[in-house]
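In what follows, a single structure is set out as structure tokens and then discussed.
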Amino acid sequence: MNTLKGTKTSLAFVAKIVHIALEAIVKNRNRSFLTTLGIIIGVAAVIMTISAGEGARLEIEKQIEGLGVNMVMIRAKQEPRGGIVVRVGKPITVKDYEMLQQNAVWINRVSPVVGLGVRVISPWGNKNSFVYGVSDQHFDIMALQVISGEGFTLADVKAAKKVCLIGETIREELFPNLDPIGQEVRINTVPFTIIGLLEEQGQFMGQDQDDMVVAPYTTVVNRLYGDVNFNSMLASAIAEDHVEDAKQETIALLRESHKLLPDEPDDFEVMTQLELMEITGQITGILTILLAAIASISLLVGGIGIMNIMLVSVTERTREIGIRLALGARESDILTQFLIEAVALSAAGGVVGIGLGVLGNFLIYKFTGFFIPTSYTSIVIGFGFSAMIGVGFGYFPARKAARLNPIDALHYE
């Protein structure tokens, strides 16, 4: 019975301290709001930054998955040197392409890729764009749909015919309100006949996938590129569960094509879609962490603001503290009171910041169409940091208040 009574008394005492702390905050509501503003902005920034990173990761994964799940990418080995990426291995050649075509068991389609920037000219305008020289199998590998006209054939590739397909951006700018099928377009100085219009692809990693021209690689190499070698090759495994088999087979065949000795490293790179997704996930994760770290600086600024205003509050209420100490309040009571004030300010800022962050994500989606899922992890991190800052930056002023000498405090003017 005595234990229960003591517990009730302790709870009542704690409630009283909390009441006094909150009363002090409400009494100076304008100052309290300005104090928490740094926390509000910091928490909102952290939530929006982490959520934006998660949204970017999901969007990239979605776009990569849209290409299929059994693609294998091959290119010459590259390394960054002097701020640029340079080729350090042998180029991808026709011999490599034929080696895969004729000997691969786990690969059912393969296409060279030759890409370069060009000037595309029509009777209604001109623009800078990209042309990609590929084989007839490229459309199946990349899951490209032809919504009007038709794709080119193996016969077109062998004959190096001057035919091409264009993306929606090219159609809108160079053939406004017109059917481009059968029209002639000049790529640099070479005339091509448009035989197909590609399905709209949208953006991929910041690049407009509809701002391109696709033509037989033989035509691009002979008429535009000026080099018999390729930028890269794309292949597809016969099934999703044989992607790794296709990768290992590709490595073995290319090593044979390049006449590499057993102890020599690969002078080419082979990557699957799963590996590409993992790499892009790591990149977006690192960028998200860096941006969140920058955003959290405002939380530290907010914490400094809380410490500053709590020190001012201790100075203003020195006489009040002295009276409480003289009436029997313990140092721990004073410490608890001011610590509760600091944590309450910080927590209130955290709650408002969470609401502002969620609202910010919604507004970005509404006005840009870019979906940003509000991450529960970001909410926990934002609110957790705000509470920690309240304790960390509020402890010093609270400790200073608790250690005031009652006699000196009573004489303070």
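FYI, it's all coordinate maths here, none of it is from the lab. This is a predicted model, so every value here is computed, not measured. Positions of Cβ are generated from backbone atoms using ideal geometry, with glycine treated the same way; all protein chains shown enter the neighbour counts.
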**Range of Cα positions in region 90-266 per principal axis (Å), largest first** = 57, 34, 33
**Request:** Give, as a single signed number, the net charge of other residues whose beta carbon lies under 13 Å from the beta carbon of HIS138, with Lys and Arg counted +1 and Asp and Glu -1.
**Result:** -2
**Asked** Counting DSSP beta bridges in region 90-266, what percent are antiparallel, to the nearest 5?
**Response** 75 percent
**Request:** May I ask for the net charge around ILE372, where only other residues with Cβ less than 13 Å from the Cβ of ILE372 are counted and Lys, Arg are +1 while Asp, Glu are -1?
**Result:** 0
**Message:** Quick check on the exposure proxy: order MET310, MET388 from fewest to most C-beta atoms within 10 angstrom.
**Reply:** MET388, MET310
**Message:** Roughly how far apart, in whole Å, are the Cα centres of region 196-253 and region 319-355?
**Reply:** 65 Å
**Request:** Quick one: net charge around THR219, please, counting Lys, Arg +1 and Asp, Glu -1 for every other residue with C-beta under 15 Å from its C-beta.
**Result:** +1
**Prompt:** Taking a threshold of 22 Å on the Cα-Cα distance, which of the pairs LYS127/LYS158; LYS77/LYS259; LYS90/LYS247; LYS162/LYS247 fall above it?
**Reply:** LYS127/LYS158; LYS162/LYS247
**Request:** Hey, can you grab everything whose amide H is under 5 Å from the amide H of VAL213? Only 5+ residues off in sequence or another chain; H modelled, so Pro and N-termini drop out.
**Result:** PHE130, VAL131, TYR132
**Request:** Please list, or write none, the aspartates and glutamates whose alpha carbon is within less than 18 Å of the alpha carbon of LYS366, excluding same-chain residues fewer than 8 places away.
**Result:** GLU54, GLU59
**Item:** Given charges at Cβ of Lys, Arg, Asp, Glu: region 90-266 dipole, positive-most of VAL113, ALA239, PRO265
**Value:** VAL113
